[in-house]
Amino acid sequence: MVLDRGQSKNVCVIGAGPSGLVAARELRKEGHTAVVLEQNHDIGGQWLYEPNVEAEDPLGKTKYLNVHSSIYDSLRIASPREIMGFTDFPFLVKKNRDTRRYPGHKELWLYLKDFCEFFGLKEMIRLNTRVEYVGMLDYGDFGQDPKWLVKSREKNAEKTEEQVFDAVVVATGHYSHPRLPSIKGMDAWKRKQIHSHVYRVPEPFTNEVVVIVGNSQSGQDLSMEIVRVAKEVYLSAKTLDITEGLSKVVSKHHNLHLRLQIESLHEDGRVEFEDGSCVIAHTIIYCTGYSYSFPFLDTKGIVGVDDNRVGPLFEHTFPPSLAPSLSFIGVPRKLIGFPFFESQAKWIAQVLSGKRRLPSYDDMMHSVKEFYRSRELDGIRKSDTHDIANFEYCDKYADYSESPHLEEWRKMLCKSSIINYFTNLETFRDSWGDEDNELLQEAFQSPHFTQFEPQP
């Protein structure tokens, strides 16, 4: 359904991380009234570091998590800062701050604080406010978009507060709710099992035998950190066909061992691997990724999460039968996040005002089904539905709102960083080739940096 051009809506944005912040800015810019509900004491979402994880279930099995952020103390960003900024707010080096190209997590949080301050977003945000329920009102009335009832609770408050909105934008991120494997004997294994969501520092694993499940980026990072204090570290993966970078790391550490996936766990502490070998371990850390989770959202079954596929969503953003009054920002993965979130926010804001028109319900559903079919033909698992890894798609998406395409230097720096990561796992954040230096010169001479005069 399409609204009259220029119509202002009362919109609830859930989450004050990067996607929620840029949503608030774009909604206001398009003439809407927006309120951002954030459960934490400050903005930042995933980038608001929380060192205290004692209150969290170690495997994150509760419906509502006590801790949102999965960031560990030593984490540094995995992409160069030059490519990460919003299109009109570059991630600049600031005096007396972390000036590295791949700074620590606090620097990115400070960037988001700067963004919030510069664009005057603080007045739109209600902190310490957890959303407990979002549901439709008047759904089914012919020709009418539903209103949305939002129930929220301030920290330590006894009663929930109820508000009705014209539209809801879900911007709660996708790196919080642990995704766990199914392993024989997992429930009976009596020793320590945690998900990387609650990992913060290596010291608790001093002199231990630790099994790390999953050799994605977090699994590799934790292995390199824990191996310095642990007695032995076993990195369990689906295959022993590893990158050159990880191979270099393994060859450097006599106490870091590669193993295939876990076959079974035993009550006496044994961990048996698929190759038949076994080890008695103190701790198992699951670096097995995260699940999309919207425990507050009641759409009467219209939108669901099936094997980590959120759907149906037209272009990962709009549920066809509820568009445009319900939308999602930040579902896609494996792309340059902030510029993409920005183009999502612009499109949502423009559709809500009537400036842009969505296709018909039938056309959107057809598009969703065709996308699922193309993923299946490409051999992509359902759980990886939202992994994009495609610059052409990002540019096509930007066209929906006439947002700028990604600059060529931004794409090239991204590719260069990924190649360096695969080749030089331990050093890619601090050492790079001449090609990067040339691309950086081009970047710093581009409008993204030279014409930095964003308007609040």
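Worth a mention:
- D387 long-range amide H proximity, modeled H, under 5 Å: R333
- Remark: the Y393-H366 segment gains 7.9 nm on full extension, using 0.36 nm per residue and subtracting the alpha carbon distance.
- Nitroxide proxy distance, nm - points 7 Å out along Cα→Cβ at K159 and D241: 6.2
- Phi angles of segment 364-379 translate, via the Karplus equation with coefficients 6.51, -1.76, 1.60 and θ = phi - 60°, into HN-Hα couplings of 5, 5, 4, 4, 4, 5, 5, 5, 4, 5, 5, 5, 5, 5, 7, x Hz per residue; Gly and Pro are given as x.
- Of the trypsin sites (Lys or Arg not before Pro) found in segment 258-323, those in coil by DSSP whose Cβ has at most 10 other Cβ atoms within 10 Å are K300.
- Zone residues, segment 24-44, relative to E123, backbone N less than 19 Å from point 7 Å out along Cα-to-Cβ: 24-38, 43
- Amide H contacts under 5 Å for T288, placed H, 5+ residues apart: S196
- Gained length - L377 relative to T99, 0.36 nm times residue gap less alpha-carbon distance: 95.7 nm
- Comparing Q217, F428, N156 along the charge dipole axis of the chain, the residue lying farthest to the positive side is N156, per the Cβ-charge model.
- Eligible lysines near K155 by straight Cα distance, threshold 25 Å, same-chain separation 8 or greater: K61, K63, K106, K113, K122
- Antiparallel beta bridges, as assigned by DSSP with both residues in the chain, represent about 45 percent of the total such bridges.
- Shape of segment 290-350, Cα gyration tensor, a/c cut at 1.5: oblate
- Heavy-atom accessible surface of the chain: percent carbon and sulfur, 1.4 Å: 48
- Evaluated with a Cβ-only charge set (Lys, Arg +1; Asp, Glu -1), segment 80-145 carries a dipole of roughly 780 debye about its Cα centre, given to the nearest 20.
- R259 long-range amide H proximity, modeled H, under 5 Å: L235, S236, A237
- Alpha-carbon Rg/Rh ratio, for the chain, with Rh computed the Kirkwood way: 0.97
- Rounded FRET efficiency, nearest 0.05, which uses the C-beta distance separating T427 from D306 and R0 of 45 Å: 0.65
- Whether segment 76-209 is rounded, prolate or oblate, judged on the alpha carbon gyration tensor where a/c under 1.5 counts as rounded: oblate
- Taking label points 7 Å from Cα along the Cα-to-Cβ direction, D42 and T206 give a separation of 2.8 nm.
- Electrostatic dipole magnitude of segment 37-126 [Cβ: Lys, Arg +1; Asp, Glu -1; Cα centre; debye, to 20]: 300
- Stretch in the chain that is longest and holds no GluC sites (Glu not before Pro) that DSSP places in a loop and that have at most 14 other beta carbons within 10 Å: 275-401
- Between L59 and D434, full extension at 0.36 nm per residue minus the direct alpha carbon distance yields a gain of 130.7 nm.
- Kirkwood Rh and Cα Rg combined as Rg/Rh, segment 220-358: 1.15
- Charged-residue dipole, Cβ positions (Lys, Arg, Asp, Glu), the chain about Cα centre, Debye nearest 20: 560
- Inter-label distance, D114 to Q7: 4.0 nm, where each label sits 7 Å from its Cα along the C-beta direction.
- Gyration tensor (alpha-carbon) shape descriptor, segment 135-192, a/c threshold 1.5: prolate
- Hits among lysines - C-alpha to C-alpha of K415 under 20 Å, sequence gap 8 or more where chains match: K334, K396
- Top positive-direction residue, dipole computed over segment 283-335 with Cβ charges, set Y292, S325, L335: L335
- Calculated [222 nm] ellipticity per residue, helices only, for the chain: -8000 deg cm²/dmol; basis is -39500 (n - 2.57) per DSSP H run with n ≥ 4, divided by all residues, nearest 500.
- Per residue accessible area in Å² of the chain, where ligands, DNA and RNA are left out and the probe is 1.4 Å: 46
The values are calculated or read from the model by the stated rules, or taken from the named source; none is laboratory data. Just so it is clear, the structure is predicted and the values come from calculations on it, not from any experiment. All Cβ positions, even for glycine, are placed from backbone atoms using ideal geometry, and neighbour counts span all protein chains on display. Only protein heavy atoms, including side chains, enter the accessible area calculation; ligands, DNA and RNA are left aside. Shrake-Rupley method; radii C 1.70, N 1.55, O 1.52, S 1.80 Å.
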